[in-house]
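So the structure is just underneath, and the comments pick up after that.
The numbers here are math on the coordinates, done by the rules we state, and not lab data. None of the values given here were measured: they were computed from a predicted structure. Please note: Cβ atoms are built from the backbone with ideal geometry, for glycine as well, and neighbour counts cover all protein chains shown.
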There are 2 protein chains.
Amino acid sequence: MSISLEDIKQAEILLRGKVTKTPLLESDEINDQLGGRVLFKAECLQKTGSFKIRGATNKLASLNEQDRKRGVVAFSSGNHAQGVALAAQLLGISAKILIPQDAPAIKIVNTRAYGAEVILYDRYREDRAKLANDLVPEEGRIMVSPYDDETIIAGQGTVGLELVEQLKSIQAAPDILLCPCGGGGLVSGVSTAILEYHPNLQIYAVEPDNFDDTRRSLLAEERLSNVAGHTSICDSIVTERPGEITFPINQKNLHGGISVSDDWVVKAMKTMFIRLRLVLEPGGAVGLAALLSGALSLTGRTAVVILSGGNIDLQQYIKLLHENK
Amino acid sequence: MSISLEDIKQAEILLRGKVTKTPLLESDEINDQLGGRVLFKAECLQKTGSFKIRGATNKLASLNEQDRKRGVVAFSSGNHAQGVALAAQLLGISAKILIPQDAPAIKIVNTRAYGAEVILYDRYREDRAKLANDLVPEEGRIMVSPYDDETIIAGQGTVGLELVEQLKSIQAAPDILLCPCGGGGLVSGVSTAILEYHPNLQIYAVEPDNFDDTRRSLLAEERLSNVAGHTSICDSIVTERPGEITFPINQKNLHGGISVSDDWVVKAMKTMFIRLRLVLEPGGAVGLAALLSGALSLTGRTAVVILSGGNIDLQQYIKLLHENK
């Protein structure tokens, strides 16, 4: 089970006109500060505020007429929820989505606004996969996995194809790419696309401290789970373990993993506010956090940093940025 | 004294590769809320955080060798300052810039970071034009006006040419265009460009309440000044009266002026945070404020809203958005 460049090219054709071609942005000040060049792929400016609409649209548009009538079910910490809900709305498909009750309110409100039925659950006391799987036989709905699905991965991979074109137009040849990583759908898709054109690019999955399952799994060469009992502000990328389909792809494509503290994540969010005037959610800012923290040196090099999402409640944003000095 | 489409096309060639082609963004939620379609031209994502780099670069690159050696002087509430400072740095020209001491700190810090010499003055007790003009004979510097200069206006007009191309690519035909207006440089340039391709487009200058000199001047058919003693949070667009060169162009091109309260401006900034994940400065958000306030109805129509800048101090941003319910 894997995906090819051709799958991603097919997805790009299917997504044309349905998703935003997000800009590649740059800040002279950040370049000076880090001693290299950083090109930011602003998926926080994507429809629904994150890249997830790409995979969701590719998946739902690929369903046959009969499956569309069955409707879909998904579980998500919020960004995949919005992606599935909007894609379902545009295609006239019924959607039921399970979201943890402590997810950012904006993600829950938006998912409902896109017409999906939202079921809230307690992420510490209920098993979300079991809850969602129960709905498949009960109601006959199609399950839309947030990352462990080739069609989803191919959709997210279109970020990589856009990058290839945008890098070419400014004649930039990046040395490294940093991508936020939860289950690994985005980085597996993006890496599959971009390595075809930039074979020497070193690609890193970036995760929050204590949720660095992909980093540790890459080192151990097997899928390891995170130790329970930790928390992180990066709600969109705290997953239990690497995906079954995504992990072998990432093993083949990635140079390694990096983990970052919440404190560096907030510094990265603040830097994005000041330097690029972009609102990032914590999980969307981990790539820059890895550079700011010095976990990876940029000196004399060019990096692509994927800003994967910008959905955060205003009060939480104010609280985080106000408290961080 | 006026400018033509050809001047703007020349500016566009000169600016190629030096400024960001900013994206045209859209929010389904805002469209639903307002009952029409809004296309946002995100100049807050421009280098230096505002469109001002366009005019400044066009002006400074147009100077001959001898004038470049003389250096430049400018007065600005902060965005023009950053534009002139960065353009001067890139072209190796000495820049001295007068900024009011109560301007947002970020604008002063960035102007200095671009290598310009900053002179702070008291905007309520000193005449900035006189201060700057004194430096012209004293040091022989070239004065770079923030708006009353054809080369500056032509540079700002490139926003309009980009819009023409972007509107064509999505096959959109806007009915109205809302543009923030201080001295009128941006709206005079943009209107000159876009009306050549969309002759029926209704273009509005949007200003803060009590600083609606362009709105009132258009009605009176002569340049009127604002009444002293008022304040506004929209620091980037509080000017005393319409420009000498910009006003006749705006008289010819504009449908009218609209003024908005600070309260609606903050609501627009908040909407941009939630819906498009963009940081706007108050002056950059007045176009959306005009639609949200109902000053202009969008029902069944398509609007272009120019988001002219995003430079605001984090603490001020937090304060404004936190207090506005």
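Quick notes on this structure:
- Percent of beta bridges antiparallel (DSSP, the protein assembly as shown, rounded to nearest 5): 10 percent
- Other-chain or far-sequence residues with amide H under 5 Å of A:Gly309's (modelled H): A:Cys44, A:Glu281, A:Gly284
- In this label model, B:Ala295 and A:Thr299 are separated by 5.3 nm, measuring between points 7 Å along each Cα→Cβ vector.
- Number of partner chain Cβ atoms within 10 Å, mean per residue of B:23-29: 4
- The alpha carbon centroids of region B:1-75 and region A:1-56 are separated by 24 Å.
- Label-point gap, in nm, between B:Val227 and B:Gln171 - each point 7 angstrom along Cα→Cβ: 5.1 nm
- When A:Glu138, A:Glu26 are arranged by Cβ crowding within 10 Å, least crowded first, meaning fewest neighbours, the order is A:Glu138, A:Glu26.
- Shielding value for B:276-283 is 5, the average number of Cβ atoms from other chains within 10 Å of each residue's Cβ.
- A:Gly92 label point (Cα plus 7 Å toward Cβ) to equivalent points in the other copies: 6.5 nm, shortest first.
- Long-range HN-HN contacts of B:Ile119 with modeled amide H, under 5 Å: B:Ile97, B:Leu98, B:Ile99
- Note on region B:166-325: lysine pairs with Cα distance below 22 Å, sequence gap of 8 or more or different chains, count 4.
- In plain terms, the residue of B:Ile3, B:Ile99 with the fewest other Cβ atoms within 10 Å comes first and the most crowded comes last, giving B:Ile3, B:Ile99.
- Fewest-first sequence of A:Ser188, A:Ser94, B:Ser297 by Cβ atoms within 10 Å of each Cβ: B:Ser297, A:Ser94, A:Ser188
- Projecting 7 Å from Cα along the Cα-to-Cβ direction, the label point of B:Lys9 sits 3.7 nm from its equivalents in the other copies, listed shortest first.
- Estimated FRET transfer efficiency (A:Lys21, A:Asp209; beta-carbon r; R0 35 Å; 0.05): 0.60
- With label points defined 7 Å past Cα in the direction of Cβ, position B:Gly140 shows copy-to-copy spacings of 8.7 nm, given to one decimal and shortest first.
- Over region A:18-112, relative contact order from alpha-carbon pairs under 8 Å, at least 6 apart, %: 23 percent
- Separation in nanometres of the label points that stand 7 Å from Cα toward Cβ, at B:His322 and A:Asp122: 3.3 nm
- For peptide A:42-55, the mean count of partner chain Cβ atoms within 10 Å of a residue's Cβ comes to 2.
- Under 5 Å between amide hydrogens, built in the peptide plane, is the criterion, and for A:Ser259 it picks out A:Glu207 among residues at least 5 positions away or on other chains.
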